[in-house]
Every structure is written in structure tokens, then in C-alpha cells.
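Got a structure for you, written out below as C-alpha cells; questions coming shortly.
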Amino acid sequence: MKRDDKIVYRLPPCPLYDVERYESWLGDMAAAGLFLQAQGVLARFRRGTPAPVRYRLTAARLKGSAFDFLPTAPLQEERALYAESGWQFVCARGEFFIYGCLDPDAPELHTDPAVQALSLKMARRTAWSSFAGVLLNVVVQAVLWSRRTPLLLLVEQPLPVVCLLLFCCCMLGLALRDLYAVLRLTRRLRRGLPPDHRRPWRAAAWRHYLGLGVSWACFLAVLVSLLAAWAQPDPRRPLAENDGPFPFARLTDLAEGTLLDSETAAGQNTIERRASPLAPAIWECHEDGILLRDREPALNTVLSTVYYETAAPWIARRLAPELYQRVEVLASEAQPLPPLPGIDAAYAYRDGDSAFCVLVLVQGRRVACSWWTDPDGTLGFDRLAPKMAAVFAQG
């Protein structure tokens, strides 16, 4: 298909709700030889001989609900009436119809500011609904996050979390800006002042472009980061492949003997190491084994540990309850602990049937959450917590 060189597209420098600036921009485009044909996310113009065209935005609907479908064209009676005065319908977009006029002596579409203010009732209602919807979504997301593990999410996935927060803030700011623009025009009209059809738009254009750019960039960053996380290979690897010491206790630190994989281990003895800006070292270790001493089981349990070396001590302290919250379903009853030298804070939990135990340890910038099975009640905190704390304190 042959490309039409006379058709060009431009990103509007302001929202439609900023009626005065939008009309001024369209007039300046016509003075530069670009005449509006259609309006979507981008405005479509046709090149021609520069001309002093006046553009006006009128309310597309005067009554109804903010959730009704928007009309795509005015009634034939309205078009014919405006055409008699020299105004031609150009296109529809959102809450507005856009008309253009080449006759400098043609009367304005609206000669009574008070009547024009009334005609904007549905536009104001839609702007209020959009703002309320975005605000409600932000509040709901904030409540849901606060009830989960917000800091843990930020530590684990800083890029998508920060970008999502910025995106929500940008959408809220854009909705508030639209609402402010239509309310500002309404106040002016109710005071009996006509709209400023030549209101300067260039100074405000950069704020509009910045808001759109940041919101779209954040949205795309969230999508890309989620797709990248989904597409990456399994980061877990066999526990035997880890080089160097562990900063937390393993099964071999809890009892003497020879470690053998249990019959149910089958690829479950794994370790995963990663990092983030708020946690330079993150470990996730899972063990399922039996310690034999003199051919008798000295220890037989499943031990899992998540470990974070954070960027600041306050992050470690705040992460402690969130790490427990992630495994709270395993053990919900708080338990007393013996003295644990070298540990800043420690929290212990067991479930009602004593099958699972959870221990959270905090020291400086480091925090670890371990949980293990204790079906016969022999692997309680009096026996294991001091050993686990000693290894953790040495770091």
C-alpha cells in the first residue's frame, strides 16, 4: 500500500479535558499547515496550505451515565445547525466533539458561558469517575500489599515493584490533572468568563509528555521483568554444587554423623543463590536427609532455610516478621527460646501437632528463617535453636 505523505501524526501536548489548551494547539497546527482529521491516542493531520482555522470542543453528551457508551458523531440536526454558522464537524474523541471553522467572522458555538458550563456536566462526571476508579484501585492495592509482605516483595523484585508503584502514582496524577482541568474551566464559565481559546500550551506540554512517558515506561518495565522472570531457567541447583561455607546451619551442623539423602529427597536437596539492590546475598536452601551415627539415625528431618544479607540492619529487622508470615501456615503458636548469645532477635513458632517448627534469627544486617519437621517431639527448640544460632552468629 502506498504511503500518503500528506498524512502525519502528532501526540497531543495536553489531555482533551484541558479544552482551552487543546483548542489552542489545534489552531497552531492549522497555522503550520496541519489540519486535524481524526483523534485517537495520536492525532491524525493532513498537510495543506497554512490557514487560520478555529477549533472548538463541545460536549458529546449532555445527559446519561458516566458508564454509558460515548457517541461517535453528533446528531444530524446538530451538525446541520452548526454548519449553517460555518462550523464543520471534524471528529469525536472521548467526551467531546471537535468542530473547525475557517470563517473568522462566524459566531462562536457557545455564546453563553453559563450554558456551556452546564453542557460539561457529563464530562465532569466522567472525570470524577475516572479519578475515583484510579484512586480506589491504588487504595485497594496498598491495603492488599500491607497485609502481605511489601518489604519482602521490594527486596526480592525491586524493579517491577518500584515500576508498579510509579505507574500507579502516574495514573493517579494524570486522572487528577484531567479532573482539575475540567473543573477549572467550569469555574471560569460559571463566573461568566468565556474560555481562553488561545491559552498557551507549550509550557505545559513537557509535563504531559513526562507523565505519559513515565507511566508507559513503568508499565512496560513491569511486563518485561515479569516475562524475564517467567522465561529464565530454574535457578535451583544441587546442594552439593555449592562452594564455600554456609552462613546458616545445615543438617550436619545440628548433629554428628554421616548425612544420607532420605528416600523422599529425590532432587529436593537444592540451593538457590541470588541478589538484589536491597539484599546483596539471598540464599534459599532445602535439605531432606538422615544423619547416621553408629549405623543408627541421629537426625531425620526436612530442613529449609531462607537467608538474607541486607543492605541495612533495619531491613533485616523488618524482614523477620514478613519471612515468618510466608510460612505462618506451617506453625502459628509462639514458643519460648533458651538464651541465644550473639543474636539480636529470635522468634520461634510451632504448630498444634508439633509437626513443624519455625525459627527466625536476626543479627545486624542478616536475617534467616528456618523450618523443619519434628513429628516425634525430639527436635524442639531447646535442642536445635542454640546450635542454629551459634552457626548463624558466626556468619
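Residues of segment 279-321 being open to solvent by less than 70 Å² (accessible area, probe 1.4 Å) and of a type in the set (S, T, N, Q), which ones? Talk me through it step by step, then tell me what you get.
Start the filter on segment 279-321 by keeping residues that are open to solvent by less than 70 Å² (accessible area, probe 1.4 Å), which leaves 279, 281-292, 298-299, 301-313, 315-316, 319-320.
If the condition is that a residue be open to solvent by less than 70 Å² (accessible area, probe 1.4 Å) and of a type in the set (S, T, N, Q), then THR301, SER304, THR305, THR310 are the ones that fit.
Taking segment 322-366 as the region of interest, how many residues are open to solvent by 40 Å² or more (accessible area, probe 1.4 Å) and assigned to a helix (DSSP H, G or I)?
So the count comes out to 2.
Moving on to the next point. Looking only at segment 177-188, decide whether some residue is part of a helix (DSSP H, G or I) and either acidic (Asp, Glu) or within 30 Å of THR310 (Cα to Cα) (or both).
yes
Which residue pairs have Cβ atoms closer than 7 Å, lie 6 or more positions apart in sequence or on different chains, and pair a first residue in segment 206-229 that is touching a residue at least 40 places away in the same chain (Cβ under 8 Å) and closer than 25 Å to PRO15 by Cα with a second residue that is among the aliphatic types (A, V, I, L, M) and open to solvent by less than 40 Å² (accessible area, probe 1.4 Å)?
GLY211/LEU174; SER215/LEU174
Just for segment 66-82: of the residues that are hydrophobic (A, V, I, L, M, F, W, C) and open to solvent by 40 Å² or more (accessible area, probe 1.4 Å), which one is modelled with the lowest pLDDT?
The qualifying residue modelled with the lowest pLDDT is PHE67.
Can you name the condition, by its number, that THR111 falls short on among (1) surrounded by fewer than 18 Cβ atoms within 10 Å (Cβ to Cβ); (2) touching a Lys or Arg at 6+ places or on another chain (Cβ under 8 Å)?
Going through (1) surrounded by fewer than 18 Cβ atoms within 10 Å (Cβ to Cβ); (2) touching a Lys or Arg at 6+ places or on another chain (Cβ under 8 Å) one by one, THR111 breaks only (2).
Another one. Pick out, from segment 190-309, the strands (runs of 3 or more DSSP E) lying fully within it that include 1 or more residues that are at pLDDT 95 or above and touching an Asp or Glu at 6+ places or on another chain (Cβ under 7 Å).
Passing ranges, in order: 279-293, 296-309.
From the list TYR9, TYR22, exactly one residue is aromatic (Phe, Trp, Tyr), open to solvent by 40 Å² or more (accessible area, probe 1.4 Å) and within 31 Å of the chain's Cα centre (by Cα). Which is it?
None of the others qualify; the one that does is TYR9.
The values are calculated or read from the model by the stated rules, or taken from the named source; none is laboratory data. Just so it is clear, the structure is predicted and the values come from calculations on it, not from any experiment. Please note: Cβ atoms are built from the backbone with ideal geometry, for glycine as well, and neighbour counts cover all protein chains shown. Each accessible area value is taken on the protein alone, full model and side chains, heavy atoms only, with ligands, DNA and RNA left out. Shrake-Rupley method; radii C 1.70, N 1.55, O 1.52, S 1.80 Å.
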